[in-house]
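Take a look at the structure below.
The values are calculated or read from the model by the stated rules, or taken from the named source; none is laboratory data. Source: prediction; values computed, not measured. Cβ coordinates were reconstructed from backbone atoms using ideal geometry, including for glycine residues, and neighbour counts include every protein chain displayed.
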Amino acid sequence: MVLVTTVNCGATSKQEGRKNPKETYCYVQFHPFITRCINRLTYRQFNYGAYMSYRHRLSRWLHKRLAHNYTQAGILHPYTIRMSTILRDSGTHIFARAHDNVRHVDKILEELTERDVLLSSTKEVLRGSRNSLVDVKYTLLPTMQFIQEVKKANVRTAKLTEQLQRAVGKELEE
């Protein structure tokens with residue numbers, strides 16, 4: 001099933017579209033991945049304004065990951081993630097020296113703390129042979145503001161899922 005919508009837009013020119021707005025339509029077809037997410041409700045609501053206001057791309061990526069994967073956000077349930085996971089999954093530049101990667105991720109976590117997404121973050125350094133830095137395990141504690149956003153997204157997802165199930169049930173009855 002392809003999600004298609006009709007929206008008002010100009011047929012041949014903007015002026016013609018403005019003269020007859022109710023008679024002017026165009027066809028919009030979303031990308032198949034977007035259509036699939038909408039149809040199956042696999043997307044998550046999150047604060048897009050805050051997302052776009054970050055200085056670093058990695059901050060945006062981590063905020064989005066928290067919003068999508070951290071559905072049980074709470075003071076009693078911290079989120080843990082390793083530096084290697086952050087670097088691998090985000091597609092960010094990996095520095096030659098491991099300590100530079102740690103500094104970069106720490107800077108990102110500091111920005112998320114400044115923006116009231118994280119209350120605190122702690123790190124556990126994992127060392128290998130000859131005391132070399134192997135990885136860092138971060139434990140992230142969200143703010144109440146972020147927890148409330150996640151709860152709103154959970155409620156919205158539950159409502160949409162219920163509406164979808166009712167709609168599918170009605171279609172099956174007919």
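Looking across region 118-168, just one residue is within 21 Å of Ala96 (Cα to Cα), under 23 Å from the mean Cα position of the chain (by Cα) and among the hydroxyl-bearing types (Ser, Thr, Tyr), and that is Tyr138. All told, Leu133 meets the bar of being of a type outside the set (S, T, N, Q) and more than 23 Å from Thr71 (Cβ to Cβ). Taken as a whole, the structure leaves His31 outside the set of residues that are assigned by TED's automatic domain parsing to the domain that holds Leu141 and either within 21 Å of Asp135 (Cα to Cα) or not charged (D, E, K, R) (or both). Once region 148-164 is narrowed to residues that are of a type in the set (Val, Ile, Thr) and surrounded by fewer than 18 Cβ atoms within 10 Å (Cβ to Cβ), the residue that is modelled with the highest pLDDT is Val155. Of the residues making up region 135-162, just one is among the aliphatic types (A, V, I, L, M), in contact with a Lys or Arg (Cβ under 8 Å, 6 or more places away or on another chain) and not in a helix (DSSP H, G or I), namely Val136.
Counting only helices (runs of 4 or more DSSP H) that sit completely within region 28-134, those holding 3 or more residues that are crowded, with 18+ Cβ neighbours inside 10 Å correspond to 57-69, 83-90, 98-114.
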